[in-house]
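Following: one structure in structure tokens, then a few remarks.
The values are calculated or read from the model by the stated rules, or taken from the named source; none is laboratory data. Treat the numbers as computed from the prediction; the structure is a model and nothing was measured. Cβ placement follows ideal geometry from the backbone for every residue including glycine, while neighbour counts extend to all protein chains displayed.
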Amino acid sequence: MYQKSELKNGIRIVTERLDHYRSVSLGIWVGAGSRDEDAGTNGISHFIEHMIFKGTRNRNTLQIAKELDAIGGLSNAFTSKEYTCFHSKVLDKHFPVLADIMSDIFLNSVFDPDHIDKERQVILQEISMVEDSPEEQIYEIFNNLYWSDHPLGMSILGTGETVSAIDKEGLLDHKKRFYFPSRIIISVAGNIDHESVVEFFRPIFEPLEPGEPAPPLTVPRINQAILCQYKPLEQVHLCMGGKAPHLLNDMRFAGTILNTILGGNMSSRLFQEIREKRGLAYSIYSFISAYIDTGILGICAGTDPREANNVLDLIKKEIKKIKDGDISETDLKEAKEHLIGGILLGSESTDSRMLRLAKNEYLFNRYISYDEVVESLESVTVEDVVACAREAFDPINTSLATLGPFKEEDLTL
């Protein structure tokens, strides 16, 4: 059963009671991510996420780890382009202890300068890991190309230069600017009672003062371009993409189905045509990165440099088939069943339910049932998918990036 309460200062608490579960998942969300940064502060949201776990006024780093381990707590955090989440999962009987620990790290972290310097090195290593992984680096290169000088084009991790320059004052200023009540959502799913959750968090979170409204988001401009970045690798890694429906657009369901048919699973057209039939790539897939006001439908592949043009030509042909309406009702039905199966299987996890609660509250300010999502997917027609493909891969909406021993003059398309 879903319930929602709003504290006097605007913090929202959303819960879903699941009596037949033994676990509880808790997430403390902030509507702030790398999109709220600029070129000088890039990576600061992710840096704050790391520092939250590095000691509070009441617990040092070791105590936090030991207390979470003592209750079997599985805790983690992540930063995205548009929000940051601190989350954990425990048995229902341990929820009060978990809630106390998570509240403490969220509200009382001290940002000790020594820990900042140590964690800076950890993040710099994380950036190096991405640079050492062409599969990840090509995604960052494409994002930066597609969104050009907009914050959505910047890495969530930041750069070596920006991370090296972040200090305690900057971290605290950014946290004060964006970690205010109207941006905070507490999401809980599992064997819990809503009123008990609210009564626990109310005295802790309600004293938080409302902050100043953040500046309005700017909609990014699509940069239609080609970039071939040379790097001495065995393969060339390709990433091309176009415009996907944003998260508030009803066409997002058609976009999800298009992604599934094109390259979203092992029976998808790109996987079958490029990997299974021709053996031209080990990794070939499509993806959607959707945000509150824009999105990308992208395709990634890694192949022999001598086959790069061939792979691009095959991708182009599969896209053209879909744009020309080459989708059967059977194709549509199978894609829907694949997606619906994944959604409903995911509903058996309290983590998944906690994530959905918060994201739906963040985007739509309401609860969205699984039945509503299934109904929306079922209502998508072949014509919807074709229309989505035509907009996504209109030449004015598409870009291409490559990474490896391949130059722009090598392109034959």
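Laid out as a table, the results:
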quantity	calculated
Checking Gln235 against (1) touching an Asp or Glu at 6+ places or on another chain (Cβ under 8 Å); (2) closer than 30 Å to Val311 by Cα; (3) outside the structural domain of Arg306 (by TED's automatic domain parsing), the condition it does not meet	(3)
Residues being under 19 Å from Gly55 (Cα atoms) and either among the charged types (D, E, K, R) or in contact with a Phe, Trp or Tyr (Cβ under 8 Å, 6 or more places away or on another chain) (or both) - total across the stretch 88-107	8
Selected residue [closer than 19 Å to Phe86 by Cα and either β-branched (Val, Ile, Thr) or not assigned by TED's automatic domain parsing to the domain that holds Asn60 (or both)] from Val122, Val130	Val122
Failed item, numbered, when Pro210 is tested on (1) closer than 29 Å to Leu7 by Cβ; (2) modelled with pLDDT of 95 or more; (3) in contact with a helix residue (DSSP H, G or I) (Cβ under 8 Å, 6 or more places away or on another chain)	(2)
Residue match in the stretch 80-87 (condition: more than 30 Å from Glu161 (Cβ to Cβ) and in contact (Cβ under 8 Å) with a residue 60 or more places away in the chain)	yes
Boolean, Leu332 is modelled with pLDDT of 95 or more, assigned by TED's automatic domain parsing to the domain that holds Val374 and touching a Ser or Thr at 6+ places or on another chain (Cβ under 8 Å)	yes
Close pairs (7 angstrom Cβ cut-off, 6 or more residues apart or separate chains): within 21 Å of Phe86 (Cα to Cα) in the stretch 339-366, assigned to a helix (DSSP H, G or I) and at pLDDT below 95 anywhere	Ser352/Gly346
Qualifying residue in the stretch 157-180 (condition: in contact with a His (Cβ under 6 Å, 6 or more places away or on another chain), modelled with pLDDT of 95 or more and more than 29 Å from Leu7 (Cβ to Cβ))	yes
Phe53 part of a strand (DSSP E or B) and among the aromatic types (Phe, Trp, Tyr)	no
Pairs with Cβ under 7 Å, 6+ apart, first in the stretch 210-227 and surrounded by 12 or more Cβ atoms within 10 Å (Cβ to Cβ), second of a type in the set (Asp, Glu) and in a loop (DSSP other than H, G, I, E, B)	Leu217/Asp293; Val219/Asp293
Options Phe53, Phe111, Phe86, Phe95; residue that is buried (at least 19 other Cβ atoms within 10 Å of the Cβ) and out of contact with any strand residue (DSSP E or B) (no Cβ under 9 Å at 6 or more places or on another chain)	Phe111
Of the criteria (1) modelled with pLDDT under 95; (2) crowded, with 21+ Cβ neighbours inside 10 Å; (3) in a loop (DSSP other than H, G, I, E, B), which one Asp19 fails	(2)
Residues that are among the hydrophobic types (A, V, I, L, M, F, W, C) and closer than 27 Å to Glu307 by Cβ, drawn from the stretch 203-232	Ala225, Ile226, Leu227, Cys228
Number of the exception - Ile288 against (1) in contact (Cβ under 8 Å) with a residue 60 or more places away in the chain; (2) surrounded by fewer than 24 Cβ atoms within 10 Å (Cβ to Cβ); (3) under 23 Å from Leu152 (Cα atoms)	(1)
